[in-house]
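Heads up, the thing below is written out as structure tokens.
Where a number appears in this text, it was derived from the coordinates with a stated rule and is not lab data. Predicted, not measured: the structure shown is a model, and the values here were computed from it. In this analysis, Cβ positions are derived from the backbone assuming ideal geometry, glycine residues included, and neighbour counts consider all displayed protein chains.
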Amino acid sequence: MKRVAAFAYLLICVSAGGAFAQAGSGVGDAPGANQFGQPETIELIREVAKKWVASGAAPFGVGDVSKADAFVPPEHFATGDHKTGLGIDIRPIRKDNQPAGVRWQEPAYDRAATQKLVDMFNETGRVDRIAFGDAQVSGVKVYRGLDDHMHITVKPRLN
Ligand SMILES: [Zn+2]
């Protein structure tokens, strides 16, 4: 079936001013994030966040999804996921659980926990691919330069 132009769907915001993190949903937003997305994108984030926190982990950081007016971050011109509302930027997990960014090359980076989060997203069957710079994480497409976040592409719902 034909999809309506993406803009019509970019109306759901994953969090407002970190409210979800405060509510313990597992989602902590990153400053400057544009967190609007397709319904399937937002549902996926919420579902995984709930499961993640239920496992005893600290909330993970969600960065850019899309902006209501379909802003595309400069580093993502190639994929355009952030324009369709199907792309999500997630911060790698830190060993100290601080709500801050980290690059996978830094000592504060927790590879095992990041792998667990990648697995949790992939296990939903609703992820097309996860791009990330750390070649030692399995289940990702290694993408040079993606050091401080993973870019998740959500499968569009066909209806
Ligand atoms: Zn991205």
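Remarks
- Note on E123 and V142: their simple-model spin labels are 2.6 nm apart, each label 7 Å out from Cα toward Cβ.
- Between R94 and D110, the built amide H atoms are under 5 Å apart, and every one of these is 5 or more places off in sequence or on another chain.
- Modelled spin labels at A108 and A135, positioned 7 Å past Cα toward Cβ, are 2.6 nm from each other.
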